[in-house]
1. Given the convex hull over the Cα atoms of the range 77-143, what projected area results after averaging over all orientations, in nm²?
2. Two decimals, Cα atoms only, Kirkwood Rh: what is Rg/Rh over the range 622-661?
3. Trypsin sites (Lys or Arg not before Pro), restricted to the range 191-273: which are DSSP loop and have at most 14 other Cβ atoms within 10 Å?
4. How far is the Cα center of the range 113-192 from the Cα center of the range 505-520, in Å?
5. Using only the Cα atoms, work out Rg/Rh for the range 17-151, with Rh taken as the Kirkwood radius, to two decimals.
6. Once you've got the Cα coordinates, tell me which of LYS100/LYS698; LYS237/LYS660; LYS81/LYS146; LYS552/LYS575; LYS575/LYS623 are over 31 Å apart.
7. Could you tell me what % of all Cα pairs in the range 80-187 have separations over 25 Å?
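What follows is calculated from the coordinates using simple rules that are stated; it is not laboratory data. Remember, it's a predicted structure, so these values are computed and weren't measured experimentally. We place every Cβ from the backbone using ideal geometry, glycine too, and count neighbours over all the protein chains shown.
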Amino acid sequence: MRLAPGVALLSLLCWLVVAVPPQCLGQNYQGKQLVRAELLADTNAVVPGKPFTVGLLLQMASGWHTYWKFSGDAGLPTELKWKLPSGWKIGEIQWPIPLKTIDPGDIETYGYTNEVLLMQEITPPSKLDDSSAKLSTEANWLVCEKICIPGSATLQLDLPVASTNQPANTDVFTRYRRLLPQNFPGRNVARADWSRVGSDLRLKITSETLAKYPALDFFPLPEQDTIVGHPAVQSRKHNEIIFRVPLESAPKNLSSMAGLVVFSQQLNGDDRAAWHMTSAPVLSASRPAPTRGVFTFLLFGFLGGFILNLMPCVLPVISLKIFGFVQQAGQSRQRIFRSGIAFTLGIFAWFIGLAVLLIALKGAGRDVTWGGFQFTNAYFVLVLSVIVLVFALNLFGVFEVSLPQSVTRSLLSTSERKDLLGSFFQGVFATVLATPCTAPFLGTALGFAFTQSAAIILAMFIAIAAGMSAPYLLLSAQPAWLRFLPKPGLWMLHLKQFMGFLLLATLLFLLYVLGAQRGLEGAIWASCFLLVISVACWMKGAFVSPIATGTKRTIVFVLMLMLVLGGGVYLIGDKFQSAKITSADSHLPGNWQAFTPERLQAELEQGHTVFVDFTAAWCLTCKFNEANVLEAQDVKDAFQRHGIVKLKADWTNGDPAITKLLRQFGRPGVPLYVLYPAKNEEPIVFPELLTKSMLLDKLETVASRVASQ
């Protein structure tokens, strides 16, 4: 199979769809523009060496909001990535005082409604040769109402270079400069004292100034290794105010926290002001995990990676590798072993690359997850669908991808090297399909790793890669075992085509996921784009042959490029992007109800036992458990007999409330199964792979205990 170069390009695109969101993603929702982005400057010209301020003005549709630099329980802060000429300097974002909102389910966030201006100071060099300055930035934001939609825009600001300048956009800059937090005042105005009481921080502020304001609050700015609860005023007495800052996870020696002391005449009032507090330095903030614990969890990671090979997510790719072993029967032992090494390197390359990306996101303050990190992104699923389709068409013989002759001679001078490159990308492809799965041991291991340092996260992913690649490496190292496989022959062509149908089955599953994420309309437009990709592959196989002239090759490639780009702009950039994002249905089959935090709380307050299925449309392990356990007749009868309420938490589109609960249970992704007994007992967490006996035993035990009460 000569597919490696095409897969390399598609794998790169697969990374880009996660790391770089599409332009203006999701900003036209149901025919309404959600966010209008504009870049402004507070001056009409650039004076060499003289600082000036630029601002990103975001105007949100009514009812929608973006987020502060610490978004709270959900959301993501707005990001700006500048492209400045050489010698230019830019300062940090100046964040106006945000608003605090409390959504259903006790989800507390910090952000902005209607409009916000994020300012940054830019200092040009003392000498400018050009007559104008062109400043460009890529802005990325998350806008939310009942659902959240990421958006982005590339903005440019052109300013003339002059010896003098005049103020510009004075009204908007003046308005938002008034909303910038001030430094914490001197001890003659306010005094702050921190203390640690168990798992809480206490901030006592003594100030005559603050005593005059009815509405007081503390907006935290926790470090990366700290998860904070909801701060609140614990007590007020004359000029003394005490804030309680609950800590859900924090270093034991944490004794203070940065944040804003916000005060106004009424909550979220337009007159709000704030003092910015910096935290005292904390020594050894990140404690290394106990040595025994680290190695135990690394073993869990290895076992979880090994079991990934048995998950339905990767079965189509396993068939590809088995086919490769069949082709190698009778070859030299060294060649078979090198092929196994190449496949193993492909697995390690993806896992290490994924680990580096997750470490970078964690360093930027993002919530990191396993499968959800990628598969909650509909564009990632779409790109993966293209990769699977191209693989299938290649197996059917519609086309072949070959390297240019010059590259072939210099880099791939032997057919063995081509086979090795193909094996490498088979390993990459196997891990791409494996990422939505959370195998036994893997969820526990990753949940531990994501709370640790970058080195431990990287070590965990290396352990997972070692576990997943171990069977293939072992089989290639013992080629004598290949004698149990049939010898190569003409039947291999039919087997190759049959495996193409297995990949088409995988493609149908991915289209089902897209339908769950973007509705039937989105799945149809995605299918239309896949048809365009199929035509382009057919053109490559039909008209670009080794004997084709250079002119013919060029014409065909130009037509293919126009077809794919045109189809992508119209079908994906327009139709698919504007397709309705689906939400959880409150009327689910099988007596299931859609999960919401308030519904869970209401059922528990009424004394009901509740079972919550945390699932996603793209999670094949979830589907396996549902079909074989949760929907089994004896299990359904047990649920009904004991009067247990069944809630389905659908994480297909990355619901932030569900993300918070997953994090609280120490899980990096789905599946997760939790049984909440009545009478405020501790919830029971089940393993990733369910069995009927395990579930029925727990249901009987809990029902008996509740009945006795």
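1. Values: hull surface 23.7 nm².
Quarter of the Cα hull surface area: 5.9 nm².
2. On the way: Rg = 12.7 Å, Rh = 11.8 Å.
Here Rg/Rh amounts to 1.08.
3. Details: sites: ARG191, ARG196, ARG202, LYS204, LYS212, ARG236, LYS237, ARG244, LYS252, ARG272; in loops: LYS252, ARG272.
Of the trypsin sites (Lys or Arg not before Pro), the ones in loops of the range 191-273 whose Cβ has at most 14 other Cβ atoms within 10 Å are LYS252.
4. Cα centroid to Cα centroid, the span is 41 Å.
5. On the way: Rg = 16.7 Å, Rh = 16.3 Å.
Computed over Cα atoms, the ratio is 1.03.
6. Values: LYS100/LYS698 41 Å; LYS237/LYS660 35 Å; LYS81/LYS146 28 Å; LYS552/LYS575 33 Å; LYS575/LYS623 29 Å.
Checking Cα-Cα distances, LYS100/LYS698; LYS237/LYS660; LYS552/LYS575 exceed 31 Å.
7. Numbers: 2248 of 5778 pairs.
The answer is 39 percent, as a whole percent.
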